[in-house]
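Read through the structure below, which is laid out as structure tokens, and then see the notes.
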């Protein structure tokens, strides 16, 4: 399974849900696959899930998705316990695990998942509902898991095993032609518009 398989499955289920994507290839491919005002691209390593959790708590009427790589999740792995503690039912965490730190150096440095670390097991051990932590290895499994995650209450953690290709950094999807600040401002405007449209007291994950 490739990154593109995973992101196409996400696009099919996501609708207008806000998304926070990690650095590097994931953000570039998300931009190329589905551009949306409610996407924060190139979030720093270790922060996508933390930011998405904050958004989910602030916007209970919206599904919110974090799009992480294994390196980013490992860099901020403590957030798994925080998610379990606050238990936002509208949060979906999608981790693309290719076993390397794809944005560091030559993009070939192996991550801990290449040496036995199991991110799905870490989520369960952190207090997540084990029935809502799913490890997937095919595009079909990924699509089915995301369909459930955007339909049923969470939080959900989907760990998708993707192939690592040595030239993926060079191949990529090019640079995102969107300044980080500009993207954040567009995200904020859309968020405020949605909250205004929902009115006071609006709630319940969509």
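No value in this document is a laboratory result; all are computed from the given coordinates. Given the structure is predicted, the values throughout are model-derived calculations rather than measurements. All Cβ positions, glycine included, derive from the backbone under ideal geometry; neighbour counts span all protein chains shown.
If you take every DSSP beta bridge fully contained in the chain, what fraction is antiparallel? Give it as a percent rounded to 5. Bridges in the chain are about 10 percent antiparallel.
What's the extension gain from residue 147 to residue 16 if we count 0.36 nm per residue and subtract their Cα-Cα distance? List each step's numbers first, then the result.
Numbers: separation 131, 0.36 × 131 = 47.16 nm, distance 1.40 nm.
Result for the pair: 45.8 nm of gain on full extension.
Quick one, can you get me the convex hull of the C-alpha atoms of the range 1-105 expressed as volume per residue in Å³?
Numbers: hull volume 9.6 nm³, N = 105.
Cα convex hull per residue, to the nearest whole number: 92 Å³.
Taking the square roots of 5 times each eigenvalue of the Cα gyration tensor of the chain, largest first, gives ellipsoid semi-axes of 25, 20, 15 Å.
Among 158, 176, rank each residue by its count of other Cβ atoms within 10 Å, from fewest to most, as a rough exposure measure. All intermediate terms of the calculation are to be shown ahead of the outcome.
On the way: 158 26, 176 18.
Fewest to most other Cβ atoms nearby, the residues stand as 176, 158.
Rg/Rh, computed from the Cα trace of the range 77-142 with Rh as the Kirkwood radius, has the value 1.00.
Give me the percent of Cα-Cα pairs in the range 1-46 that sit more than 13 Å apart, rounded to a whole number.
Working: 530 of 1035 pairs.
Distances greater than 13 Å cover 51 percent of the Cα pairs.
If I take every Cα pair under 8 Å that is 6 or more residues apart in the range 3-194, average their sequence separation and divide by the length, what percent do I get for the relative contact order? Over the range 3-194, the number comes to 26 percent. On full extension, the segment bounded by residue 109 and residue 81 gains 7.4 nm, given 0.36 nm per residue less the C-alpha separation.
For residue 189 and residue 34, the difference between the fully extended length at 0.36 nm per residue and the C-alpha to C-alpha distance is 53.9 nm. If R0 is taken as 22 Å, the Cβ-Cβ distance between residue 8 and residue 137 corresponds to a FRET efficiency of 0.90.
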